Each structure stands twice: as C-alpha cells, then as structure tokens.
1. Over the range 62-121, what is the relative contact order in whole percent, taking alpha-carbon pairs under 8 Å and six or more residues apart?
2. What do you get for the angle between helix 45-64 and the principal long axis of the chain? Use alpha-carbon atoms, 0 to 90 degrees, nearest ten.
3. In percent, what relative contact order does the chain have, based on Cα pairs under 8 Å that are 6 or more apart in sequence?
4. Whole-Hz Karplus ³J(HN,Hα) for the range 69-74, in order, using 6.51 cos²θ - 1.76 cosθ + 1.60 and θ = phi - 60°, x for Gly and Pro?
5. From the mean inverse distance of alpha carbon pairs (Kirkwood) and the Cα radius of gyration, derive Rg over Rh for the chain.
Amino acid sequence: MTQIATPPMTRLTAGIIADGVFKVLLAAVYIVGAAPLSRLLGVPGWLMVVSGVALLVGGGIEIGHVRSRPVRTYIRLMVAYDSGWVLATLAALLIAWRGGDAGGAVWTGYQTAAPAVFAVLLATATPKSTSTGTN
C-alpha cells in the first residue's frame, strides 16, 4: 500500500482552515437569513443569496486547496481580502453616517465579489513544490 506524505498541520494551516470554515458558516447565515439581512442592509434578498453562494464557494476552495498551495500564497491573498473588507466596511459606514442608503450595497457587493476573486486567484496559483515538501 502506497502512502502519500502530507505536510504536518501547523498553526498557519489551522488558521487557513478556520478562515475557510468561517466563510462557509457566514455563507449559511447569508443564505438562511437572506430576508431579514436584506431588509437590515437595504439590499435585495437575491443579493444576499448570491453573496452567500460566493462565500460558500470561496470558503470551500480555500479549504480544498490548503494542502496544495503554499502558505505564503494564502497569507498574501488573505491580507488583501481582509484589507479590502476593512475598506469596504469603512466606506459603507461613511455612506450610512452621511445619510446615504447605498452602504449596505457597497458592503454586500464586496462580500459577493471578493470571495469569487479570492477563489479564482487561489485556484490558479502555483501549487506547492512537491520535491521539497516546504511551504
């Protein structure tokens, strides 16, 4: 019987998996709670569902590629994703603070587009080198 060596679980790998699991759980909340969340954020219910699906796919791809992509790739993509999330949140809050009603659309729009971009970039990233077994 042939055994395939897999890299050991590290804190970074566990963090990557936790990030993907969080996206999947948030996706479930978006999909199940689409109606009340859409009213709260002032966006159409279908946008909450589409956002949930995008998060579900993004989180699934993140979890699915954890052993085949370098941790460095994950870290860079996660920093970019989270930085964009902070900026989108600040923009949405600024719009709401100034009395606008598009803040929810900005925030939900980011939550829809960013996981898709993250998933595509991760799926097309160069795989780990199997010869060295390092990240």
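Each value in this text was obtained by applying a stated rule to the coordinates, not by laboratory testing. Worth saying up front: this structure is predicted, and the values here are computed from it rather than measured.
1. Working: 25 pairs, mean separation 18.9, N = 60.
Computed over the range 62-121, the figure is 31 percent.
2. Approximately 10 degrees, to the nearest 10.
3. Working: 154 pairs, mean separation 40.4, N = 135.
So the answer I get is 30 percent.
4. Per-residue couplings from phi come out as 10, x, 4, 4, 4, 4 Hz.
5. Value, to two decimals: 1.07.
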